[in-house]
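Student: Here's a structure for you.
The values are calculated or read from the model by the stated rules, or taken from the named source; none is laboratory data. All figures in this text were calculated on a predicted structure; none of them were measured in a lab. Here the Cβ positions follow ideal geometry from the backbone for every residue, glycine too, while neighbour counts run over all protein chains shown.
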């Protein structure tokens, strides 16, 4: 009997011990915690707890040579288990093996993809290729579209393993979270050929030791026994926060509950009748372990999207998801309301109908005889043209609570943004610009203090996203966007964003006149950063009068051209908590504008100084409960009367993004690539050839993304 392993297997096993069992090669051949090896041999179970690395490799050699299936838990085991009967030896029919209560901490969440096939046999190359194809889609969906950190990717021999690093306790809440996460992935991705294994949710779950042979049944040329291997291990295996998993769980189908508010009858909601009534075309139906997926001909929110589906669980719960990034926020509720606006609130819809009827029937104003350019000098209320600010067009900021409270940035208005140095003003503006462009609003920017390449570099980081930026080798917290990615982003921005060339100077009158060139091309958001860098010099008026004139000119221009202008203003040098009155310059800066925003960085100074104005309870909520990194304060909002409103945000250093929630992951239009669903049978994909360079990212990416 040959009890040796191939060199590649030895290397792979050491990598497995390093990443899953915390083996340090500098230690004297010992694991810091016990590892259970569990072997399935001829219908019998053998178990042993080991710390000695040489013994671990010896046990694996012996059993791999006998075509046994070799497994181990991938989460941290209680060190007390090392004192069981099978300490440093394999025992047949052990009294105890690792149970969920023996797991101290969750280190990984496993996504196990296997092709559907008869039990007890290896997969064919074609079957395995289908599992690889689903693995690619799930990887893209989680990493590229939803912000998960890159997982360890392994070829299990018959399928694909994705191991996501986590930092979770071993409790009922975490168990439920992982269970529902896998269930959601099964709903979204399981099909007739490949199954997302929902049974691997428990903390003590065992999985194949990567580097061992997968040998189910009798090996043959068609169904060979393959050696499992790593396909890719990121240079740094980062932790994915639990919030990202909760976001995916939120995509699970939800039951339609009959009640008075949503105008349901007592009968169960009939989805098939709904589909037939509204002419919704279904091109494919797929049974999953938990229900049925109905792939639609097109997404109702954008007919160009051919990757939308309805999901019906065995319990009758219903879900909807479009795998195209721009429609990812639409769920079943939005889907149903698209076809049946009265589904959830007849009273609200009727009120909206009455409102629209009123607007359509309002009397038209008659021409007035005096002052053709301006109308009457004194207006009677009945002669004023009705305008509902709640219906006014606004540029979405992308910051959810702000948009809900003040609709965004109303066209025809001007805003002042202030904040101390390093408070996050530039980051917030870059996020705002990115979100405006994403929503279809063109932007013009004058940045008086930043060089053009620095401005676009910071904006590119925001637009790239966490999985498109890279860390600068040898430095801490310095990230960059590769030129190839930046070129793609900037090509997408062309025609949507204009940056003023500072070589043309900073004279306000010239810049003001030049604005027309971009506004004529459709710019709706104008950003001037900042007031201190503008040249307002004039011989006939003083500095503050020039500032007042500037604000008046901008306000009139914004109204006339129906755009929104943001003017960045520095505060005075103060040591107290920054208030509206702290903004330097003419009092008209804040008196004449429509909105005043102040950016605050959350830290010890914020706790000490903000408590006086907002109270201990609010500051504790911001710092201790929500743990925000930055806060933008709406000090003034003329249209809706909003003031002293604090909007907390989370800062992501890799991308310079200000985020509504820690798990938020916006995919911008330059990278709009949907996760294709299996509307047609999955193409066969050959398994990745075994290779010794497991850290060869270039080889992995070329194959994984082909």
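Student: Any residue that is surrounded by 13 or more Cβ atoms within 10 Å (Cβ to Cβ) and in a loop (DSSP other than H, G, I, E, B) - is there at least one of those in the range 489-500?
Tutor: As a first pass, look at the range 489-500 and keep what is surrounded by 13 or more Cβ atoms within 10 Å (Cβ to Cβ): 489-490, 492-493, 496-500.
Next, only the ones that are in a loop (DSSP other than H, G, I, E, B) stay: 496, 500.
Yes: the range 489-500 contains one or more residues that are surrounded by 13 or more Cβ atoms within 10 Å (Cβ to Cβ) and in a loop (DSSP other than H, G, I, E, B).
Student: Something else: Among the residues in the range 322-340, are any in contact with a strand residue (DSSP E or B) (Cβ under 7 Å, 6 or more places away or on another chain), in a strand (DSSP E or B) and outside the structural domain of residue 188 (by TED's automatic domain parsing)?
Tutor: Yes - at least one qualifying residue is present in the range 322-340.
Student: Only one of 504, 479 is surrounded by fewer than 20 Cβ atoms within 10 Å (Cβ to Cβ), within 30 Å of residue 235 (Cα to Cα) and in contact with a helix residue (DSSP H, G or I) (Cβ under 9 Å, 6 or more places away or on another chain). Can you tell me which? Reasoning before the result, please.
Tutor: Values: 504 fails: within 30 Å of residue 235 (Cα to Cα).
Among 504, 479, only 479 is surrounded by fewer than 20 Cβ atoms within 10 Å (Cβ to Cβ), within 30 Å of residue 235 (Cα to Cα) and in contact with a helix residue (DSSP H, G or I) (Cβ under 9 Å, 6 or more places away or on another chain).
Student: Within the bounds of the range 99-121, is there any residue that is crowded, with 22+ Cβ neighbours inside 10 Å, over 27 Å from residue 236 (Cβ atoms) and out of contact with any helix residue (DSSP H, G or I) (no Cβ under 6 Å at 6 or more places or on another chain)?
Tutor: no
Student: Within the range 501-524, can you find the residues that are under 21 Å from residue 570 (Cβ atoms) and either assigned to a strand (DSSP E or B) or in contact (Cβ under 8 Å) with a residue 40 or more places away in the chain (or both)? Working first, answer last.
Tutor: Filtering the range 501-524 for residues under 21 Å from residue 570 (Cβ atoms) gives 502, 505-508, 511-512.
Hits for the range 501-524 are 502, 506, 507, 508, 511, 512.
Student: May I ask you to verify whether residue 132 is within 20 Å of residue 208 (Cα to Cα) and not in a loop (DSSP other than H, G, I, E, B)?
Tutor: Working: within 20 Å of residue 208 (Cα to Cα): yes; not in a loop (DSSP other than H, G, I, E, B): yes.
Yes: the conditions hold for residue 132.
Student: Identify the single condition in (1) surrounded by fewer than 16 Cβ atoms within 10 Å (Cβ to Cβ); (2) within 28 Å of the chain's Cα centre (by Cα); (3) part of a helix (DSSP H, G or I); (4) without any contact (Cβ under 8 Å) to a residue 24 or more places away in the chain that residue 618 does not satisfy, given that it satisfies every other one.
Tutor: The single condition residue 618 does not satisfy is (4).
Student: Within the range 496-511, does at least one residue satisfy the condition of being assigned by TED's automatic domain parsing to the domain that holds residue 659 and within 21 Å of residue 147 (Cα to Cα)?
Tutor: no
Student: If we only count strands (runs of 3 or more DSSP E) wholly inside the range 273-318, which ones have 2 or more residues that are surrounded by fewer than 21 Cβ atoms within 10 Å (Cβ to Cβ) and either out of contact with any helix residue (DSSP H, G or I) (no Cβ under 8 Å at 6 or more places or on another chain) or at pLDDT 90 or above (or both)?
Tutor: On the way: elements: 282-288, 291-296, 308-313.
Here the list reads 282-288, 291-296.
Student: I'd like the residue in the range 407-422 that is surrounded by fewer than 21 Cβ atoms within 10 Å (Cβ to Cβ) and either part of a strand (DSSP E or B) or in contact (Cβ under 8 Å) with a residue 12 or more places away in the chain (or both) and, out of all such residues, is farthest from the chain's Cα centre (by Cα).
Tutor: Filtering the range 407-422 for residues surrounded by fewer than 21 Cβ atoms within 10 Å (Cβ to Cβ) gives 407, 411-412, 420-422.
Next, from what is left, pick out any that are either part of a strand (DSSP E or B) or in contact (Cβ under 8 Å) with a residue 12 or more places away in the chain (or both): 407, 411-412, 420, 422.
Values: 407: 23, 411: 29, 412: 32, 420: 29, 422: 25 Å.
Residue satisfying both the conditions and the ranking: 412.
Student: Still on this structure, I have one more. Please work out if residue 580 is surrounded by fewer than 17 Cβ atoms within 10 Å (Cβ to Cβ) and in contact (Cβ under 8 Å) with a residue 40 or more places away in the chain. Lay out the reasoning, then the answer.
Tutor: Numbers: surrounded by fewer than 17 Cβ atoms within 10 Å (Cβ to Cβ): no; in contact (Cβ under 8 Å) with a residue 40 or more places away in the chain: yes.
For residue 580, the condition - surrounded by fewer than 17 Cβ atoms within 10 Å (Cβ to Cβ) and in contact (Cβ under 8 Å) with a residue 40 or more places away in the chain - is not met.
Student: Filter the range 205-235 down to residues that are under 29 Å from the mean Cα position of the chain (by Cα) and surrounded by fewer than 19 Cβ atoms within 10 Å (Cβ to Cβ) and give me whichever is nearest to residue 173 (Cα to Cα).
Tutor: Kept after step one, since they are under 29 Å from the mean Cα position of the chain (by Cα), are these residues of the range 205-235: 205, 207, 230-235.
Then keep just the ones that are surrounded by fewer than 19 Cβ atoms within 10 Å (Cβ to Cβ); that gives 234-235.
Numbers: 234: 28, 235: 30 Å.
My answer is 234.
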